[in-house]
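Notes to accompany the following structure.
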């Protein structure tokens, strides 16, 4: 059986990665109705992923076993105009296929991402997750992450 490899994503993997990104967005909707997924999510995800591959301000890594993508992490380098450190690596998307969860793969992907983001200039690494996603909140909390900012939402009338 092939070993799991964590590496930067390739252009020829855009479709498969886009599928995982859409799964992430659908999962977010299960936590909060403010994350209702748009009808053309697959098309948007393909464009989003394609624009991330090879972009110097974006990190897109995959965990693969043979030719199968088991998980994906996408992060952006963001500049913090008023704060030190001046750049943060913001994890925007992180998804692992259910059958590969709870096997330390998430930690391996995260640590690989942190190493890449640090090389890109990030002095801090942050992650966006729905507030109601207790699994993600616990995952990051166990690894020394803490809440940094609250975002409040209310549907407009």
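Label zone of residue 128 (point 7 Å out along Cα→Cβ, amide N under 20 Å): in the stretch 47-69 this covers 47-62. Note on the chain: helix-only mean residue ellipticity at 222 nm, from DSSP H runs of 4+ residues weighted -39500 (n - 2.57) and normalised by residue number, equals -11500 deg cm²/dmol. The Cα atoms of the stretch 1-82 give a gyration tensor whose axes a ≥ b ≥ c have a/c of 1.5 or more with a/b no greater than b/c, which makes the shape oblate.
Modelled this way, with points 7 Å down the Cα-to-C-beta line, the labels at residue 42 and residue 142 are 3.4 nm from one another. A simple spin-label model places the labels of residue 65 and residue 111 1.9 nm from each other, with each point 7 Å out along Cα-to-Cβ.
Identify which of the listed values of volume of the Cα convex hull per residue in Å³ was calculated from the structure shown: (i) 120; (ii) 194; (iii) 132. Working out volume of the Cα convex hull per residue in Å³ from the coordinates points to (iii).
Extension gain for residue 104-residue 155 works out to 14.6 nm (0.36 nm per residue, less the C-alpha to C-alpha distance).
Across the chain, the relative contact order, built from alpha-carbon pairs under 8 Å that are at least six residues apart, equals 21 percent. Its residues counted as N, the stretch 69-137 yields a C-alpha radius of gyration over 2.2 N^0.38 Å of 1.18.
Just check the stretch 100-157 against the gyration tensor rule for me: Cα atoms, a ≥ b ≥ c as the square roots of the eigenvalues, rounded for a/c under 1.5, and otherwise prolate or oblate depending on whether a/b exceeds b/c. Judged from the Cα gyration tensor, the stretch 100-157 comes out oblate (a/c at least 1.5, b/c at or above a/b).
The simple Förster model, with R0 at 30 Å and r as the Cβ-Cβ distance, assigns residue 119 and residue 16 a FRET efficiency of 0.70. Distance between Cα centroids, the stretch 1-51 to the stretch 119-151: provide it in whole Å. What the calculation gives is 19 Å, centre to centre. Where in the stretch 102-134 does the label zone of residue 86 land, with the point 7 angstrom along Cα→C-beta and an amide N cut-off under 13 Å? Inside the label zone: 121-123.
Each value in this text was obtained by applying a stated rule to the coordinates, not by laboratory testing. What you see is a predicted model; the values in this text were computed from it and never measured. Backbone-built Cβ (ideal geometry, glycine too); neighbour counts: all protein chains shown.
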